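Have a look at the structure below, then the notes.
The values are calculated or read from the model by the stated rules, or taken from the named source; none is laboratory data. Keep in mind the model is a prediction, meaning the values are calculated, not measured. Every residue, glycine among them, receives a Cβ derived from its backbone with ideal geometry; neighbour counts consider all protein chains shown. Surface areas here come from the heavy atoms of the whole protein model, side chains and all, with no ligands, DNA or RNA. Shrake-Rupley method; radii C 1.70, N 1.55, O 1.52, S 1.80 Å.
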Amino acid sequence: MSAAVIWLIVALGLAGAEALTGDMFLLMLGGGALAAAGSSWLTDLPLWGDGVVFLVVSVLLLAVVRPALRRRLTPPKSLTTGIEALEGKRALVLDRVARDEGQIKIDGQVWTARPLNDGDEFEPGEQVTIMHIDGATAVVWNP
């Protein structure tokens, strides 16, 4: 069996193993093995020459192609939207916030609010932190 066929088998084996991992590392090595198979078939290099071709092409694929391919195929981090995006934000107290009353302003929108602890009260002009949203009411706290 010629060296080109052996390199081709190695390339196919690495590409098949890549289907199990999905990390694109073995695929880049498979590309290097495919390049070694091509160089072995086209030229009459000794086995160590094919190994050098495999090494150089694999390193180039790992350094140049793999990062760009991973960026392209990796989905972007999801943005928090809705009420989850409000948690942890700072708000301005518009009307006194007590157990059953109060209004705050969050990013230009007016919300009804109540304190996290029933005994807490916040006066207009104070800055509070939104702990969570309970229905249409912001539960706030001032550390």
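For this structure, a couple of remarks:
- In a fully extended conformation the segment linking SER78 and ILE6 would gain 21.5 nm over its present Cα-Cα distance, using 0.36 nm per residue.
- Helix screen, the chain: DSSP H segments with Cα axial length of 15 Å or more and mean Kyte-Doolittle hydropathy at least 1.6 are 3-21, 47-60.
- Distance from the Cα centroid of region 48-75 to that of region 1-24 is 14 Å (rounded to whole angstrom).
- Using θ = phi - 60° in the Karplus curve 6.51 cos²θ - 1.76 cosθ + 1.60, the 3J(HN,Hα) couplings for region 75-92 round to x, x, 5, 6, 8, 7, 10, x, 6, 5, 6, 7, 5, x, 7, 8, 9, 9 Hz; x is entered for Gly and Pro.
- Here the relative contact order of region 32-128, from alpha carbon pairs under 8 Å that lie six or more residues apart, stands at 19 percent.
- Kirkwood-based Rg to Rh ratio, region 45-120, C-alpha trace: 1.60
- Solvent-accessible surface ranking, highest first, for ILE6, ILE133 at 1.4 angstrom: ILE6, ILE133
- Building the convex hull from the alpha-carbon atoms of the chain and averaging its projection over directions returns 13.5 nm².
- Cβ charges +1 (Lys, Arg) and -1 (Asp, Glu), total dipole of the chain, debye: 680
- A DSSP coil position with no more than 10 other Cβ atoms inside 10 Å describes the following trypsin sites (Lys or Arg not before Pro) in region 75-106: LYS77.
- Shape index of region 1-75: Rg/Rh, with Rg the Cα radius of gyration and Rh the Kirkwood radius from the inverse mean 1/r over Cα pairs, equals 1.03.
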